[in-house]
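The structure under discussion appears below in the form of structure tokens.
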Amino acid sequence: MSWGTELWDQFDNLEKHTQWGIEVLEKYIKFVKERTEIEINYAKQLRNLSKKYQTKKNSKEEEESKYTSCKAFQNTLNEMSDYAGQHEVISENMSSQIMTELIRFVQELKQERKSNFHEGRKAQQHIETCWKQLESSKRRFERDCKEADRAQQHFEKMDADINVTKADVEKARQQAQIRHQMSDDSKGDYSSVLQKFNREQNEHYHTHMPSIFQKLQDMEEKRIARLGESLKMYAEIDRQVIPIIGKCLDGITKSAESINEKQDSQTVIEAFKSGFEPPGDVDFEDFTQSIKRTVSDTSLTNTKADGKTDPKTPGKSRGKLWPFIKKNKLSLKLCFGFHQGATPEDFSNLPPEQRRKKLQQKVDELNKDIQKEIDQRDALTKMRDVYLKNPQMGDAGSVGQKLIEIGNNIEKLRVEVQKFESWLAEVEGRLPVRNDSSRRQSGLYETQNTVPVNNCAQDRESSPDGSYTEDQSQETEVKVTPTEFDDDFDDEEPLPTIGTCKALYPFDGENEGTISVSEGEILKVIEEDKGDGWTRIRRSEEEEGYVPTSYIEVYLDKNAKGAKTYI
């Protein structure tokens, strides 16, 4: 079955059909292109979705990631990102293995089709030219035959006419012979052209055109086969990523199976455990005793004496309720020694267990910072040694200055570590309770040990609507020994200036009770270092706090009240 024999007379239809075949291929290329765009957009949307729900650094969500359910969700988001990557692979492979190859193939196909049809039209033009030559030779032979016949008839007529001279008859005879000769020549030429045309026609329809049609048939079959291969490739590209997508889905399933509800429940305990003991029973307070008293017992002195409440008995049970009872401003100051909303440096506002975790976390962070500084110092030391051996490579003096700064930083960090480790040891019960100076260093101002902790929860009386009211008689009995706590909250009587100081280094007062200073800044000293390494300074009437004594140069006023005399 060949186009050359079966479709020998369908040259124009084959031209249209092959053009349609190329258009089908181009249509398929357009389809694959749109599929790649869909895949890449889908992958982009999946990645954006996964990124949108990823845990943000330095946020509350990062702390929540310790739960197995949150870890499973994060693993699912990571698997979805890999899942999106497989769709990007589909898009890339379809673009490179199908689109690019088919576009090049279509260009070659168009060029080949153009060449074949150009050759076919050339062959058609040649056979048409041969046919025109044959027709022209045939018409000339026909015309010469007619002219020869008329010349013969004229000669016979002249020869039969007795009135015509012999010369005219001879002339007619010669003319007839010439016409007969021309007719014979035309006949020979026509016969030659006819034989040539038949040969050309035979070659045209049995050799040239079948060869061209065979090329077109091969071209079309190659196009169809290539389309089939591309369709297989289209499916295979999808099939190649199915195992990886399956692994992504297996990863999501594994993450789901890794969820441990018991472990998460234990994590909740570790996250929120306060370390406090549950409150004990509330003692009964008998107020009928005041009614039974005699008139002589109701004197002002006795009333005042009897009206006192032993803070060690009922107050003890009430003091245990303080984590669950709203406190007024005075209670907050007595219990925590700082303004509401502030975070002390030693986290003493937190329950014991949470405070221990925060302090341990702070120690770990500081140790990491120290290790970074040590690594940087080691690297700079090696660099300095290289510069000393090869001065042309750099200035060893500049490196030395940097090493001094790093050494100071390490020393400061170690001081901070010791400070937080002492607080941690105190929480864990390895050291006695801090003295007043360590309390002041942390930025907290607590009452002295003479005031019981249970005073933080003031006595409350139940009102008829079930709410609690402050026990005013109990409040009046709370006496706080004047300490630095009073200085901190007495805004009406600010501490007097005892000297000035100059900041040698910049300090970022990020912790509660501290103040930020810039290098070279001049400030007022309102309380000198009491051996804890901190000096209290003031910038303005509303800005004051503690800075490390090693960061400033102090100039005390000898005439100031409370200032020591230095020689």
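When LEU134, LEU109, LEU102, LEU77 are checked against the criterion of being farther than 25 Å from ARG239 by Cβ, in contact with a Ser or Thr (Cβ under 7 Å, 6 or more places away or on another chain) and of a type in the set (A, V, I, L, M), LEU77 stands alone in meeting it.
Can you find a residue that is assigned to a helix (DSSP H, G or I) and either touching a His at 6+ places or on another chain (Cβ under 9 Å) or surrounded by fewer than 14 Cβ atoms within 10 Å (Cβ to Cβ) (or both) anywhere in segment 66-74? Within segment 66-74 (the criterion being assigned to a helix (DSSP H, G or I) and either touching a His at 6+ places or on another chain (Cβ under 9 Å) or surrounded by fewer than 14 Cβ atoms within 10 Å (Cβ to Cβ) (or both)), the answer is no, since none of the residues qualifies. If we scan segment 374-394, do we find a residue that is modelled with pLDDT of 75 or more, of a type outside the set (Gly, Ala, Ser), within 34 Å of the chain's Cα centre (by Cα) and open to solvent by less than 40 Å² (accessible area, probe 1.4 Å)? Checked segment 374-394: at least one residue is modelled with pLDDT of 75 or more, of a type outside the set (Gly, Ala, Ser), within 34 Å of the chain's Cα centre (by Cα) and open to solvent by less than 40 Å² (accessible area, probe 1.4 Å). Against the test of being closer than 23 Å to PHE105 by Cα and either touching a Cys at 6+ places or on another chain (Cβ under 8 Å) or among the basic types (Lys, Arg) (or both), the options LYS16, LYS52, LYS44, LYS57 yield a single qualifying residue, LYS16. Taking segment 530-555 as the range and being out of contact with any helix residue (DSSP H, G or I) (no Cβ under 6 Å at 6 or more places or on another chain), closer than 17 Å to ASN408 by Cα and either of a type in the set (Asp, Glu) or outside any strand (DSSP E or B) (or both) as the test, the residues that pass are THR549, SER550, TYR551, GLU553.
To keep it simple, each residue is scored yes or no on (1) among the hydrophobic types (A, V, I, L, M, F, W, C); (2) without any contact (Cβ under 8 Å) to a residue 40 or more places away in the chain.
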{"residue": "ASP12", "(1), (2)": "no, yes"}
{"residue": "GLU15", "(1), (2)": "no, no"}
{"residue": "THR18", "(1), (2)": "no, no"}
{"residue": "VAL24", "(1), (2)": "yes, no"}
{"residue": "LYS30", "(1), (2)": "no, yes"}
{"residue": "ASN41", "(1), (2)": "no, yes"}
{"residue": "SER50", "(1), (2)": "no, yes"}
{"residue": "THR55", "(1), (2)": "no, yes"}
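Pairs are defined by a Cβ separation below 8 Å, a sequence spacing of at least 6 or placement on different chains, a first member in segment 377-406 that is free of Cβ contacts under 8 Å to residues at least 24 places away in the same chain, and a second member that is open to solvent by less than 70 Å² (accessible area, probe 1.4 Å) and hydroxyl-bearing (Ser, Thr, Tyr); the pairs so defined are MET393/TYR387; GLY394/TYR387; ASP395/TYR387; ALA396/TYR387; VAL399/TYR387.
Quick grid of which residues meet (1) out of contact with any Pro (no Cβ under 6 Å at 6 or more places or on another chain); (2) part of a helix (DSSP H, G or I); (3) polar (S, T, N, Q); (4) farther than 25 Å from ASP12 by Cα:
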position	(1), (2), (3), (4)
GLU119	yes, yes, no, no
ALA123	yes, yes, no, no
GLU142	yes, yes, no, yes
ASP159	yes, yes, no, yes
ALA176	yes, yes, no, yes
SER191	yes, yes, yes, yes
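Of the residues making up segment 507-521, those that are within 15 Å of SER540 (Cβ to Cβ) and in a loop (DSSP other than H, G, I, E, B) are GLY509, ILE515, SER516, SER518, GLU521. In segment 395-424, the qualifying residues are those that are of a type in the set (A, V, I, L, M, F, W, C) and farther than 19 Å from LEU380 by Cβ, and the one that is surrounded by the fewest Cβ atoms within 10 Å (Cβ to Cβ) is VAL415.
Taken over segment 214-261, the criterion of being closer than 30 Å to SER65 by Cβ and not hydrophobic (A, V, I, L, M, F, W, C) is satisfied by PRO243, GLY246, LYS247, ASP250, GLY251, THR253, LYS254, SER255, GLU257, SER258, ASN260, GLU261. Of the residues making up segment 236-250, none is exposed (fewer than 13 other Cβ atoms within 10 Å of the Cβ), under 28 Å from ILE127 (Cβ atoms) and of a type outside the set (Lys, Arg).
Taken over segment 222-244, residues that are over 29 Å from GLN19 (Cβ atoms) and in contact with an Asp or Glu (Cβ under 9 Å, 6 or more places away or on another chain) amount to 1. Please state which one of MET209, MET219, MET182 is part of a helix (DSSP H, G or I), touching an Asp or Glu at 6+ places or on another chain (Cβ under 6 Å), touching a residue at least 12 places away in the same chain (Cβ under 8 Å) and closer than 30 Å to LEU102 by Cα. The unique qualifying residue is MET219. Just one of the listed residues (ARG113, ARG150) is assigned to a helix (DSSP H, G or I) and either within 30 Å of GLU200 (Cβ to Cβ) or touching a strand residue (DSSP E or B) at 6+ places or on another chain (Cβ under 9 Å) (or both), namely ARG113.
Of all residues in segment 161-176, those that are open to solvent by 80 Å² or more (accessible area, probe 1.4 Å) and out of contact with any helix residue (DSSP H, G or I) (no Cβ under 8 Å at 6 or more places or on another chain) total 5.
When segment 251-264 is filtered for residues that are open to solvent by 70 Å² or more (accessible area, probe 1.4 Å) and more than 27 Å from the chain's Cα centre (by Cα), the ones remaining, listed by number, are GLU261, LYS262, GLN263.
The values are calculated or read from the model by the stated rules, or taken from the named source; none is laboratory data. Quick caveat: nothing in here was measured; it's all calculated off a predicted structure. Don't worry about glycine lacking a Cβ; one is built from the backbone with ideal geometry, like all the others, and counts go over all protein chains shown. Heavy atoms of the whole protein, side chains included, go into the accessibility calculation; ligands, DNA and RNA do not. Shrake-Rupley method; radii C 1.70, N 1.55, O 1.52, S 1.80 Å.
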